[in-house]
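No lab work stands behind these numbers, since they all come straight from the coordinates. Predicted model, so just to flag it, every value in this text is computed and none were measured. All Cβ positions, even for glycine, are placed from backbone atoms using ideal geometry, and neighbour counts span all protein chains on display.
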Amino acid sequence: MRSGDNRGVSMMVEYLILLGILSVFVAVAALSLEDTLRKSQVSKVVDNQFSDVASQISAQVVDMATLYPSNGYLRAKVYMPSSIGDIKYIVGFEERGGKRYIFISSDRGEFRKYLSLGAFANLKFENISGITHSLKEKHELLFTSASIIYPTAVLKVRPSAIISGSNVTIDVSESYSPVDWWWVVKSWNGSELASGDMSVTKKEIGIYWSSDIETLCKYNSSTESAVCELRLEVYDSRGFTADDTEEILIAKKVGVEPELYIKKFASPETIQVGQPFELHIRMVGRGFVVEETRQNLSVVTVVDKSGSMHAGNVNEAHEERTKFGEFMYSLNPNVVSVNVGVQKGKPVYIVVYTNQSMPFWSYSQTENLPSGISPDDAFTLYVNGQPAPKTTTRYSWRAPSYGGVNFECVNGELTQTNGICYETTPGTTETWNLSVVVSNPESIQLNILVFERESSRNYNYRLLLSNQTQYNPNYAIHNFKFDPGYTSNDRYEFAYVFIPKNYGEKVNAWIKNLNTGRFSFCRDYTDVGGKVCFVQNVPAGQNVSVYIVPSKIDASYVAGSLWMEKLDAAKIAAIKFIRESLNETDYKGLVDFSTCANTYEVNSSSPYLRNLTTDSNAVVDKIKNIVAGGWTNYIEALEHAKRVLTENVTLIKGTKPLVILLSDGMPTCRNVSSGSTYCSFGKYTCSDTACNPDDCGGEVIPKADELKNTKIGDEYIDICTIGFGEKSYYNETILRAVSGRHTSSGVVECYYPAETLDQLIDAFYSIGRIYKIAATNVSLVDTIPVNLSLYLYPEVQPELTVNGNANCSLNWTFVNGSTLVNVNCSEIYIDDEIELVLTLVTNEFGGGFVTVNEGGKITFTDINGQQRAIDLPMLRLELKEAKGAEVKIS
Amino acid sequence: MASVKERGQVLILFTLLISTIIISISVLHAQNILAGMETSRTMMMFPKEEIRNLKDLAGIAVKKMPPAKWGEYSSDIYDQVRVLYSQKGVYGDLIISESGSKVILNFISGDVEYSETMNCAGGECK
């Protein structure tokens, strides 16, 4: 090797070695420079960028806190780079040491930053949470806040006073929660009396005297009674609770004077700013409906027995009747259905029949069948769902025979047996569906035959189908009965069942006549627009059956009403009143009137007081035997009532005289043509049968005033009137004017309209309750302070509900920012419920409590004539901020 | 000659190294300049005032509600507010319900969606 070559190799090696050393140096230097130059810069950039993102979120949270929808949501997009440098990161909220932070952390954890949200975050938000990753496509902040509707508990106990061992109705129906809720009512000792869920809000329970009553309730040893507190607790599925209490008077005996029970409560008891709430002030006449609680009465019942109170036949009953019940049934007609193949152009002759007898359609066995009706009318045939018209006529020599029966057909009805017939020519070759409904309440053997002819000129029949089936009808039976003890010989004039046309045209009906044991067909009457079942002289206490049998395939429902004679209804109501509303010590008398009035002698044992008696049965027996007929002579009826009450004022002194006048018609007058048959005092004459209302008023009202101005002892006569039946039949204006009840605030109207039997009974019952006063001259004054506003809108006004006979008025005035609410009741009677409901809204902000109406007061006169004043309790309502405000990042 | 060549190579290598570092730092620097942009954008874009205005409108609408035909009035207000807000390129509505005791507000913009049911009993919305 030459020296030059050696040098070259040596330089090459030297170069490589030097390059290697340099490379190592450069690599070490580069690493060092990366660390010193790049990473330190990256950390600064990340720090800045993290601050930016955190500040952005913080700014949005502040904005949300500024807007702060108290019942709603706010959703805002958050923008952030998916990476900073090549660093991916997560953003979220974190709570540390009681402070809330936004944190941002690189996903490897080498960079981390916290930004405090300040004190407002703790104050404003109940919860702040969530996390998001920078690589997520979208980021958002969601603020939510909901107004919580707290549950409400309202307990009402009826009656408010009971004798130990009696039942009370627990009513929690006014309680409320927007979610599922349950309730429990506990007694004074904490034991459970009743409970249920939101679907059962009324329960009847027995209340019994127990030894702990004397210690746990407000016990009055002199009257052996106690006022105990029942507590209602309402729980809902969110875990919220509410409670309410109600007082009840429990007595061992009835010698407790009636009084006024007052309750004031707010609903709900926890509210939020701006949320309206109801303030209820409830006054209840608490006491016992027995003779000790009120003055004795002397009552003359004056019953209208004019001709319109009676109906002697069905046509009269269409006009004059009283509803006493209703019924409704779903129907599912039994339909026999067959299919048959028919050919185009070949006439098809269909026969539906039975060989059995059908007594419900037989004149000899069923009453009231209209002429021209036959068992054939029970059958209805449908071809492909359409009713087959009854138009086919085929005389015997051209009609088919089968099984020894010739199927002669006249107007769609078979002449040789019970059934129908129908011929038609198919337009196409196809399969027909034949359906049959038989409206007959008994099972029959039903036959369906289908014949075919080759052509319309050919009368040779080919049997296509023969179907025989036992037809069992599906039908409804409605039973009802009249109560015994109200009418002469326990017989009612008539029973009238009405089925409106929309139901009646799809059914046939029969009613059982208990006198003959046979059924009576229910006919259609166009003048009343429906089907009527009518039987007369109906014995009480026995079931009257109405059979309702579908006649059409689409009869799915039937409803109807039950009616009785007006006079019978009046007898029931008057007798119930005497037996149930009047006491054994009350005096009772009876006057009935039509063309003339008649006073009944009910007290044969006393020569000094013949027309009034304390014996209820004596009056009841007379009422039972009243027979209707004649005109409507009001003036004489009133005169007779006066004579009854003034027969012996000494004997009935101290009682409250009362006339109850029941009438279903306008007062009539002496017609020139009626001559002397019309009994009347004074000049009560006119040229027509029914007097002009003004003329009548001119005669009748002064006579009524004469009565009302008559005193028996210290008591004026009261007149209560009942307009019975359709309002257009009687003169309501006159009946209102005739009525009058003397109260501490003057003479007030005492008029009750009644159309149905139930309404008539209620009218009498209401009159009976009037004389059971718990308090008089009741005045409630409550002031709504400036921190509360009365919520007034067209649909929301202060509301006064009177359940009973109390006569109350409500008014409110605005004085210096406060609202003065005033309720006045001239009387409150036992079991009356008067409830004042004010919708209020608080003007205060923030948490704490709101005081509701200090200084409210009720003044009244108790039954002993003593003036009393009761301070209304002050309520404290909890005022809460909207709960559940939270912010979430995602 | 050889030493000159070697120095040149080292120079080139270092130049490459330094320029790489400077480029990457400049990228970071550019990002650093952008810091604060999201915050300021949010501050500017958040429709705080529009939503506040909607709340104010609710109060005014309830205060001016007529004693009758409030259903008709509510319908008119709803239409008017929708038109008003659509002119700003956003959606806003205002539904007066329950005879003025409740007002439902809705607002939707590109970035923010808002809905609130306000109690407005007594003519004052809270």
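For the range A:3-146, what does the alpha-carbon gyration tensor say about shape, rounded, prolate or oblate, given a ≥ b ≥ c as the root eigenvalues, a/c under 1.5 as rounded, and a/b over b/c as prolate?
prolate
Could you pull out every residue, at least 5 positions away or on a different chain, whose amide H is within less than 5 Å of the one on residue A:88? Hs are placed 1.01 Å off N in the peptide plane, and Pro or chain starts have none.
A:107
What length, rounded to one decimal in nm, is gained on full extension from residue A:16 through to residue A:481, with 0.36 nm per residue of separation minus their alpha-carbon distance?
Going from the current span to full extension adds 154.6 nm.
Provide a whole-number value for the mean count of partner chain Cβ atoms within 10 Å of the Cβ atoms in peptide A:42-54.
4
How would you classify chain A from its alpha-carbon gyration tensor, with a ≥ b ≥ c the square roots of the eigenvalues: rounded for a/c under 1.5, else prolate if a/b is greater than b/c, otherwise oblate?
Oblate.
Using a 7 Å offset from the Cα along the Cα-to-Cβ direction at both residue A:27 and residue A:429, what is the distance between the two label points in nm, to one decimal?
10.1
Tell me which lysines have Cα within less than 28 Å of residue B:55's Cα, excluding those fewer than 8 residues away on the same chain?
Once the sequence-local lysines are set aside, what remains near residue B:55 is A:77, A:124, A:880, A:883, A:888, B:63, B:64, B:69, B:88, B:102, B:126.
Order by neighbour count: A:736, A:100, fewest other Cβ atoms within 10 Å first, most last.
Result, fewest neighbours first: A:736, A:100.
According to a simple spin-label model (label point 7 Å from Cα along Cα-to-Cβ), what is the distance in nm between residue A:7 and residue B:84?
The answer from the label model is 9.8 nm.
With a cut-off of 8 Å between alpha carbons and a minimum separation of six or more residues, what is the relative contact order of the range A:336-471 in percent?
RCO, the range A:336-471: 38 percent.
Suppose the chain between residue A:583 and residue A:733 were pulled fully straight at 0.36 nm per residue; how much longer would it get relative to their current alpha carbon spacing?
Between residue A:583 and residue A:733, full extension yields 50.9 nm more.
In whole Hz, with x marking every Gly and Pro, tabulate ³J(HN,Hα) for the range A:215-226 from phi via Karplus 6.51 cos²θ - 1.76 cosθ + 1.60, θ = phi - 60°.
Each residue of the range A:215-226 in turn: 9, 9, 10, 7, 8, 10, 5, 5, 9, 6, 9, 8 Hz.
Please give me, ordered by residue number, the trypsin sites (Lys or Arg not before Pro) of the range A:371-467 that lie in loop per DSSP and have at most 12 other Cβ atoms within 10 Å.
Passing both the DSSP loop test and the Cβ count: A:457.
May I ask you to list, by number, the DSSP H helices of chain A whose Cα span along the axis is at least 18 Å and whose average Kyte-Doolittle hydropathy reaches -0.5 or more?
A:3-33, A:40-67, A:757-770
Relative contact order for the range A:3-146: what percent, with Cα pairs under 8 Å and sequence separation of 6 or more?
Computed over the range A:3-146, the figure is 26 percent.
As an exercise, identify the trypsin sites (Lys or Arg not before Pro) in the range A:288-363 lying in DSSP coil whose Cβ has no more than 10 other Cβ atoms within 10 Å.
Filter output for the range A:288-363: A:344.
Around residue A:819, which amide H atoms from residues at least 5 apart in sequence, or from another chain, sit under 5 Å from its own amide H, with H modelled in the peptide plane?
Answer set, sorted by chain and number: A:784.
Averaged across A:16-29, how many Cβ atoms of other chains sit within 10 Å of each residue's Cβ atom?
2
With unit charges on the beta carbons (Lys and Arg positive, Asp and Glu negative) and the dipole taken about the Cα centre of the range A:316-469, which residue among A:354, A:317, A:378 sits farthest to the positive side?
Going by the charge dipole, the pick is A:354.
Counting only C-alpha contacts under 8 Å and six or more residues apart, can you give the relative contact order of chain A as a whole percent?
Worked out over chain A, it gives 13 percent.
With label points built 7 Å along Cα→Cβ from the Cα atoms of residue A:502 and residue A:762, find their separation and express it in nm.
Taking the simple label geometry, residue A:502 and residue A:762 are separated by 2.4 nm.
Collect residues whose amide H, placed 1.01 Å from N in the peptide plane, falls under 5 Å from the amide H of residue A:872; neighbours closer than 5 in sequence don't count.
Answer set, sorted by chain and number: A:856, A:857, A:858.
Partner chain Cβ atoms within 10 Å, averaged over the residues of A:65-78 - can you pull that number for me?
That average works out to 6.
Return the sequence-ordered ³J(HN,Hα) values of the range A:301-309 in whole Hz as given by the Karplus equation 6.51 cos²θ - 1.76 cosθ + 1.60 applied to θ = phi - 60°, using x for Gly and Pro.
8, 10, 10, 6, 10, 5, x, 6, 7
Starting with the fewest neighbours, write out A:510, A:361 ranked by other beta-carbon atoms found within 10 Å of each beta-carbon.
A:361, A:510
How much length would be gained if the chain were fully extended between residue A:88 and residue A:653, taking 0.36 nm per residue of separation minus their Cα-Cα distance, in nm to one decimal?
193.0 nm
Among A:479, A:797, A:240, whose Cα sits farthest toward the positive end of the charge dipole of the protein assembly as shown (+1 at Cβ of Lys/Arg, -1 at Cβ of Asp/Glu, about the Cα centre)?
Looking along the dipole axis, the top candidate is A:240.
About its Cα centre, how strong a charge dipole does chain A have in debye, to the nearest 20, once Lys and Arg get +1 and Asp and Glu get -1 at the Cβ?
The dipole magnitude comes to about 2160 debye.
Can you put A:842, A:270 in order of Cβ neighbours within 10 angstrom, beginning with the fewest?
A:270, A:842
Ordered by residue, what ³J(HN,Hα) values in Hz, to whole numbers, does the range A:819-829 give under the Karplus form 6.51 cos²θ - 1.76 cosθ + 1.60, where θ = phi - 60° and Gly and Pro are x?
Per-residue couplings from phi come out as 10, 9, 10, 9, 10, 10, 10, 5, 8, 10, 9 Hz.
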